[in-house]
Each structure stands twice: as C-alpha cells, then as structure tokens.
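Accompanying notes for the structure given below.
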Amino acid sequence: DCLLSLSYQTMDDRRTDISSALPGTCDWVLDSEQFRKWHNREDVSSHNGVLWVQGKPGTGKSTLMKHILEKCETKFSEKHLIAAHFFNARGDRFEQTPLGMLRSILYQLVDKEPSIYEQFIPLFREKWQKHREWEWREEELKQFLLSETQRYSKPMLLLIDALDECSESYVREVVHFLEDLSINAEAHLILCLSSRHYPNITMQKRLQLVVERTLQHDHDIKVYVGKRLTNPDENIKRELLKNASGVFLWVVLVVEMLNKAHDEGKLEAMRKRLNDIPRNLDEVFQDLLTKDNEEKQETVFMLDFVLFARRLLRAEELYFATMTHIHAQDTGPWDSEKLTQDVIRRRIIQSSRGLIEVRQGGTSTVQFIHKSVNDFLLRNKRLQLLDPSLSPNIIGTSHERLESTC
C-alpha cells in the first residue's frame, strides 16, 4: 500500500517509449569531460553535482538520457542509489507535472533503499489513519525528498529528462527545487538533467553539455544512417549527413522517406527526393503531410483528435473515431480477430504519416512521436492550413467535431 500510494499507471511508460541507442552510439557521453567531472564530483563547488544536457528539438536528448541511465545502472548501482523520471508533454497529468516527478522518484527510492522506506512509513501511516483515501500533496513530498537527501549518507544519482516538457507554469518551480536539492544535500548527490534551449531555464552552477555541438553526436548520426539507410550510395549518405544539422529526428524521418522510395524501386528518384526534402524540421512535417497524401482528410482528423483530446486516447478509440467520421458507411462492429491491435497500429502510423505512435507501455495509448509535432501543428495555424474548415476557431470547431464523433 505504501508504494501503491506513490505509483500511477503511466509511471514507466515514457522511459519504455524512448528509442534505445543503436550499438556504437551514445557511449561517447561517458568519456566526456563533463560526465567525468560530474560523476567524480571534481571541483564540485563550481557545479554542485549538476550535469545539464541541452540541445535543439529532435537532437536525440531523451535517447541519450536513457542511455546514460542504463549505463549508470550497470556501472554504478552497487554504490549509488539511482532514480529517474522522464517528463512527457504528450502524456497524462502526472507525466507533465512536479507531483508526478516526485511520486516517481520517491517510489524508486523507497522501493530500493530500506532506510528511506523506514522514514517514509510513518508519514504514510499517518495519512492512512486520517484519511484512508487521499492523494499526496506536492509540498509534503518535496519536504520528504529534501530531508532524505540531507539525511542519507550514501551516493545518490537522480536523472530528470525533458524539463521543458513539464507544464510551462511549473517548469521554473521544478528547476528551483532541484537546485535547492543540489545545494542543500548532505549526501553525495549528483543530478543529471536535460532540456531544450528554450524555455531559458538554468541554474547558477552546473556543468553543461550541448548535444549538437559535439563531434561524437555527428558520428552517431553517421552510424544511424549507415545501419538504417537501405541504399548504400555514398553520395546520398554524404548529402544526407551534410544536411542533418545535428537534428536526429530529421535524419530518422528522411531515412524513412528514402527507404520508401528504394522499396518501391524508385532508385533514380532517391537523389531527387533528397534534394527536394526541406532542411527545416517544420518543413519536413509539412512535406510529409501534404505530398502524395491520398488520405489527407483521415490524416488531418487523426492529428486534430490527438492534439485536442482532453485525455490520452487508446489506439482503438482513435481508429474507430476516425473511421466513424471519415468512413461511416463502412464501419461496423469490431471483429477483433480480423481487426487486430497490430492492424490498428499500422493504420494509425500510415494515416498520420508516421507522426503518431502507439505507446509501448501497458496502456496502448497514442501520442505524437515528438513534442515538436505538437508545436508544429499549433504554430502559424498549420492545422488550419491543412483543413481550412477548422478556422477561425480551431479549438471550438475541433471539440465540436470530437463531440459529434464520440
């Protein structure tokens, strides 16, 4: 019951969803000067044990953070107490808020360390005896975590990914709290954080690692292209790498486009396709959604539904809502033997042009593949340009459309 009071259904989903690093990539971070100083607490007064990984949208920060966590768990778990949280702007409220972070981190610490469990039990029992049913309040969990970092004497490592995906009204509050932890902890505490460059959130003392500025990151992109691009043409590889600008997501999307042309036997078109693909990530999204899209109406509805739904949607909910709205005459009772979850997943990926994914955790909900897709659709009225009928009040029109479908 003690651990259950901290747990929530999607607590591990974001870590599961993040793509793992390909063999031969991301190991460089463990050899970097910043990582060494951070882990060994060299000149700790200048950085308070904080390593901050920053990068442009789509550079692969979350994959890098997942890799750091996995390596730390392998190498340091005997001496360090390790806990991690991955914020997710496309997830439920706990995945986006400080309360979710605190419950996740404390669940791991209480579960792994008997002395912290012993300190937490009296607090839990007091709440249980008074209320029976309740939710933990953010402030009381902050105070408990702060007191434990001051009491606990062994090395502790906390990793927090995607601070910029915490709800914007909370993000600076989270950073201030983590800074207080780094300053006031009596324990051998080290914090590894990641975020985009915007919003401009920082700490007075920290080590900084900017992903797109490292030569090793460019090498990781080269390894990815070498392993994932079907066509071995060196000129195409060279052009692709030159245009990447350190944005891993751009490379992933472009490799998929080129592989599709290769699989269709359009080898002569691959170079032209590469030359036509925009260099800007927003423009790649636009190209994906508009070029040769025979199911544009289906695409727009799916994007609209995921963007404005007030809760996470299950894959089958998105599928049947789309079919009911676009192909009502062909929609009947669900025969799960014929229309399997895999068929639904493939239809969602195809219709969304690869911009919506089915989450890999136990919930089978859907989300955009990256926060930058959400930003793209809301910026400069991109969704209205795809479907002018959503103007002038996109939010109101979208909710009316969703209500009539559901």
Quiz prompt | Segment Gln129-Glu168, extension gain: residue separation times 0.36 nm, minus the distance between their alpha carbons | solution = 10.5 nm
Practice problem: Would you please give the residues with an amide H less than 5 Å from that of Gln208, counting only those at least 5 places away or on a separate chain, with H modeled from the backbone geometry? | Solution: Trp52
Quiz item: Hey, what did segment 296-405 get for relative contact order, percent, Cα under 8 Å, at least 6 apart?
Solution: 31 percent
Quiz item: Can you give the extra length, in nm with one decimal, that the chain gains between Lys338 and Asn235 once fully stretched, where that is 0.36 nm per residue apart less the Cα-Cα distance?
Solution: 32.7 nm
Quiz item: In terms of modelled amide H atoms, which long-range or inter-chain residues lie less than 5 Å from the amide H of Gly246?
Solution: none
Self-check item: Candidates per GluC sites (Glu not before Pro) in segment 301-402, loop by DSSP, up to 16 other Cβ within 10 Å
Solution: Glu337
Quiz prompt | the chain: relative contact order in percent, alpha carbon pairs under 8 Å with at least 6 residues between | solution = 19 percent
Quiz item: Of (i) 21.7; (ii) 27.4; (iii) 23.2, which is the value of Kirkwood radius over Cα pairs in Å derived from the coordinates here?
Solution: (iii)
Exercise. Compute the length gained on full extension between Phe76 and Asp111: take 0.36 nm times their separation in residues and subtract their Cα-Cα distance, giving the result in nm to one decimal.
Key: 10.8 nm
Exercise. Please figure out what share of the DSSP beta bridges in the chain is antiparallel and state it in percent, rounded to the nearest 5.
Key: 15 percent
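Since every read-out is calculated from the coordinates, none of them should be taken as a lab result. Treat the numbers as computed from the prediction; the structure is a model and nothing was measured. Cβ: placed from backbone, ideal geometry, glycine included. Neighbour counts: every protein chain shown.
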